[in-house]
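Asker: Okay, here's the structure, questions in a sec.
The values are calculated or read from the model by the stated rules, or taken from the named source; none is laboratory data. Computed from a prediction, not measured in an experiment: that's the story for all the values here. Counting neighbours? That spans all protein chains shown, and the Cβs are built from the backbone with ideal geometry, glycine included. Just the protein is used for accessible areas: all its heavy atoms, side chains included, with ligands, DNA and RNA removed. Shrake-Rupley method; radii C 1.70, N 1.55, O 1.52, S 1.80 Å.
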Amino acid sequence: MSSWWQKAVVYQVYPRSFQDSNGDGIGDLKGIIQRLDYLAYLGIDAIWLSPVYKSPNDDNGYDISDYQEIMDEFGTMEDMEILIAEAMKRNIRIVMDLVVNHTSDEHPWFVEARQSRDNQYRDFYIWSDPDSQGNPPNDLGSTFSGPAWEYSELTGQYYLHLFSKKQPDLNWGNQEVRQSVYDMMNFWIEKGIGGFRMDVIDLVGKQPFKKITGNGPKLHEYLQEMNRATFGNKDLMTVGETWGATPEIAKLYSKPNRNELSMVFQFEHSGLDQQPGKEKWDLIDLSIPALKDVFSKWQTELASEGWNSLFWNNHDLPRIISRWGNDKEFRVQSGKMFAILLHLLKGTPYIYQGEEIGMINYPVETIEEVDDIESINMYNVRLSQGYAKEDILDSINAKGRDNARTPMQWNDSKNAGFTSNKPWLHINPNYPEINVEKALEEKDSLFYTYKKLIQLRHEHPIVVWGTYNLVDTEDENIFAYCRVLDEQKWLIITNFQEKTTTFDLKEEPKSVLIQNYTKKEYTKGMLYLDPYEAVVLEIS
Ligand code: TEU
Ligand code: CA
């Protein structure tokens, strides 16, 4: 029995940077409503909406102070209800971002909890006495640098925060916490949303005093309880963000008979340019053979037990063309190659706003230009550790999250048509060349490659259900694979490098389904592939 999200393509909107409608320089819900026709024209089936709940924006909305109110800057609950309804008119579902590993420290639960050790909400969070020297109970660290324990003077105890100090971790061992989360989820389900993306959901089973954070012993028990209490018997899509997932673990989340989630975001491919055992900032060159192994492993392992998510980009990752392609003379070609390579795999593809028009990283020159708390905290820690300023900024320019958060580039008017006022974050100065209006005018733009790929998925079951097999290639930097369904066979060939190469095509193709060099003929024999060339051939 198939589900709608197995045939769907999801578009991620980072609301702060998508479209400002009231001239305050910040994206908002009304702005998203204005752009629904554009998204419907692209052909996407669902929008993953990064958090729009009330928040002090210490972590740009991933620090929630009221789960059932809309952030002032983004608009009102009525705007949200109109967005859900207007999207539905265009057969687009709204998938909300569920951030329940932690709240904001300004959430009423924490405002109460921190008052006294016997407060009724105290046990909604994770507290610890200092040790005999007055130190935290252990050396657990925050993802945003520094210790994961913050001392609270008022009651002489530490509280746990795996992210910023203003994001105290919820205590999922407390049944009241879990029930409060489920009640909130049902509030949103009743509003007609299409599902949830679950922020760092692999952390909710944490046992911090044993220094267990991801994949805790009760994690799957909680998720099965959540499933029963909320979305289980509804036609909703759920995708868990699980940084540490292996295929074995991913099957635990997404095997249908386990009644947990539809799928997870795993990040094994995304860590391939990171020095093993180091931080995301410590880079090594990407190995294409390693990338092929990782994708092939996940395609094979989850072929019939669970479901893959497919992505290059999101609001936490640098723009893929800058990261692993060529954002200069081969910006469009490498962008098309990434799209073709990813969208013909088995699983649900995710497009991050601006990816479809080839938006790229925005390099900064000073830390004052940086907004993201993760980058700023890392900068300060590494500066104190003696790292050179320019090396730290190089890391931020390569992997910093602001790269994905520069405002959407709609046209070549002032501020790229994003806002009529000063934007909350700098806009990439390349917007006169890279913008939606220009992409829609150019028939062989990257936009139309994405539109065609979405159409292929909607029209051809082989893309959704076909088997996956990696194709052996002479040149290890060619990533070629085939999809087979009954008598149908499609061959996907991508030259994942900046130089020309050859590929021995062993079968005469029936047709070319999509390509990024629009002049090429593909016949049996030696193919000469241009830099970043990508093509999908119908073999039978
Ligand atoms: O991200 C989880 C997370 O750990 C990322 O921040 C990642 O470690 C880092 O950015 C490297 O890319 C989720 C949200 O996607 C992120 O935006 C939030 O900051 C974080 O959780 C806390 O809610
Ligand atoms: Ca606004």
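Asker: Please list, by residue number, every one of the trypsin sites (Lys or Arg not before Pro) in the range 39-117 that is coil in DSSP and has at most 15 other beta-carbon atoms within 10 Å.
Answerer: Here the sparse-neighbourhood loop sites are R90, R117.
Asker: Same structure again: In nanometres, what is the gap between the two model label sites at E221 and N421, each 7 Å from Cα along Cα-to-Cβ?
Answerer: It is 5.0 nm.
Asker: Further, regarding this structure: Percent of Cα-Cα pairs more than 15 Å apart in the range 154-193, please.
Answerer: Summing the P(r) tail past 15 Å for the range 154-193 gives 60 percent.
Asker: Could you compute Rg(Cα) / (2.2 N^0.38 Å) for the range 1-58, with N its residue count?
Answerer: The reported ratio for this selection is 1.32.
Asker: Taking every pair of alpha-carbon atoms in the range 326-465, what share in percent sits in each 5 Å bin, from 0 to the bin with the longest distance?
Answerer: 2, 9, 16, 17, 15, 14, 12, 8, 4, 2, 1, 0
Asker: Using the basic label-point model (7 angstrom from Cα toward the beta carbon), what is the L36 to D285 distance in nanometres?
Answerer: The modelled label-to-label distance comes out at 4.9 nm.
Asker: Taking the Cα centre of the range 181-284 as the origin, how large is its charge dipole in debye, to the nearest 20, when only Lys and Arg (+1) and Asp and Glu (-1) carry charge on their Cβ atoms?
Answerer: 240 debye
Asker: On a full-extension model of 0.36 nm per residue, what is the gain between N259 and D235, subtracting their alpha-carbon distance, rounded to one decimal in nm?
Answerer: Full extension from N259 to D235 adds 7.4 nm.
Asker: Evaluate the charge dipole of the range 432-540 about its Cα centre and quote only its size in Debye, nearest 20, assuming +1 on the Cβ of each Lys and Arg and -1 on the Cβ of each Asp and Glu.
Answerer: That gives a dipole near 300 debye.
Asker: Quick one: in the range 51-96, what % of C-alpha pairs are over 17 Å apart?
Answerer: 36 percent
Asker: Extension gain D139-Y528, at 0.36 nm per residue separation less the Cα-Cα distance, in nm?
Answerer: 134.6 nm
Asker: If I take every Cα pair under 8 Å that is 6 or more residues apart in the range 326-423, average their sequence separation and divide by the length, what percent do I get for the relative contact order?
Answerer: Contact order relative to length: 23 percent.
Asker: Whole number in Å², please: accessible area per residue of the range 220-356, 1.4 Å probe, ligands, DNA and RNA not counted.
Answerer: Using a 1.4 Å probe on heavy atoms only, each residue of the range 220-356 averages 33 Å².
Asker: Measuring from centroid to centroid over Cα atoms, what is the spacing of the range 301-321 and the range 478-514 in Å?
Answerer: For the range 301-321 versus the range 478-514, the Cα centre distance is 21 Å.
Asker: Projected area of the range 25-156, taken from the Cα convex hull and averaged over every viewing direction, in nm²?
Answerer: 10.4 nm²
Asker: Further question: Let me check I've understood the local charge: for N119, count other residues with C-beta under 15 angstrom from its C-beta, Lys and Arg +1, Asp and Glu -1. What total comes out?
Answerer: Charge balance near N119 sits at -2.
Asker: Using a 1.4 angstrom probe, figure out how much accessible area the range 418-536 has per residue, in square angstrom, rounded to the nearest whole.
Answerer: Solvent-accessible surface per residue comes out at 48 Å².
Asker: So what is the 222 nm mean residue ellipticity for the chain from helices alone, if each DSSP H run of at least 4 adds -39500 (n - 2.57) and you divide by all residues, rounding to the nearest 500 deg cm²/dmol?
Answerer: Value at 222 nm, helices only: -8000 deg cm²/dmol.
Asker: Let me ask something else. For the range 128-285, how big is the tail of P(r) above 24 Å, as a whole percent of Cα pairs?
Answerer: Everything past 24 Å amounts to 43 percent.
Asker: D66 to T467: FRET efficiency via 1/(1 + (r/R0)^6), r the Cβ-Cβ distance, R0 51 Å, to the nearest 0.05?
Answerer: Efficiency computed from Cβ-Cβ geometry: 0.65.
Asker: Now, a different point. If you put +1 on each Lys and Arg Cβ and -1 on each Asp and Glu Cβ, how big is the dipole of the chain around its Cα centre, in Debye rounded to 20?
Answerer: In debye, rounded to 20, the chain gives about 1240.
Asker: Now for a separate question. Projected onto the charge dipole of the chain (+1 at Lys/Arg Cβ, -1 at Asp/Glu Cβ, origin at the Cα centre), which of I44, S287, V536 gives the Cα projection farthest towards the positive end?
Answerer: V536
Asker: In the range 179-229, carbon and sulfur make up what percent of the accessible area (probe 1.4 Å)?
Answerer: Accessible surface attributable to carbon and sulfur in the range 179-229 totals 46 percent.
Asker: Quick check: the distance between the Cα centres of the range 210-262 and the range 28-62, to the nearest angstrom?
Answerer: 25 Å
Asker: Now for a separate question. Calculate, in nm to one decimal, what K519 and V484 gain on full extension: separation in residues at 0.36 nm each, minus their alpha carbon distance.
Answerer: 10.0 nm
Asker: Oh, and also: Which semi-axis lengths, in whole Å and largest first, follow from the square roots of five times the eigenvalues of the Cα gyration tensor of the chain?
Answerer: Whole-Å semi-axes of the equivalent ellipsoid: 38, 25, 24.
Asker: What does the accessible area per residue of the range 92-148 come to in Å², with a 1.4 Å probe and no ligands, DNA or RNA counted?
Answerer: On a per-residue basis, 42 Å².
Asker: Considering only protein heavy atoms and a 1.4 Å probe, what is the carbon-and-sulfur percentage of the accessible area of the range 69-129?
Answerer: 44 percent
Asker: Place a point 7 Å from the Cα of D504 along the Cα-to-Cβ direction; which residues of the range 466-482 have their backbone N under 17 Å from it?
Answerer: 471-481
Asker: Continuing with this model, one more query. Over the Cα atoms of the range 346-395, compute the convex hull volume and normalise it per residue, giving Å³.
Answerer: Cα-based convex hull of the range 346-395, divided per residue, equals 133 Å³.
Asker: For the range 421-459 and the range 271-293, what is the separation of their C-alpha centers, rounded to whole Å?
Answerer: Cα centroid to Cα centroid, the span is 28 Å.
Asker: Where q = 0.12, 0.13, 0.19, 0.28 Å⁻¹, what log10 of I(q)/I(0) comes from the Debye formula for the range 380-456, counting one point per Cα?
Answerer: -0.52, -0.59, -0.88, -1.17
Asker: If you keep only loop residues by DSSP, which GluC sites (Glu not before Pro) in the range 501-540 have at most 15 other Cβ atoms within 10 Å of their Cβ?
Answerer: Answer in residue order: E507, E521.
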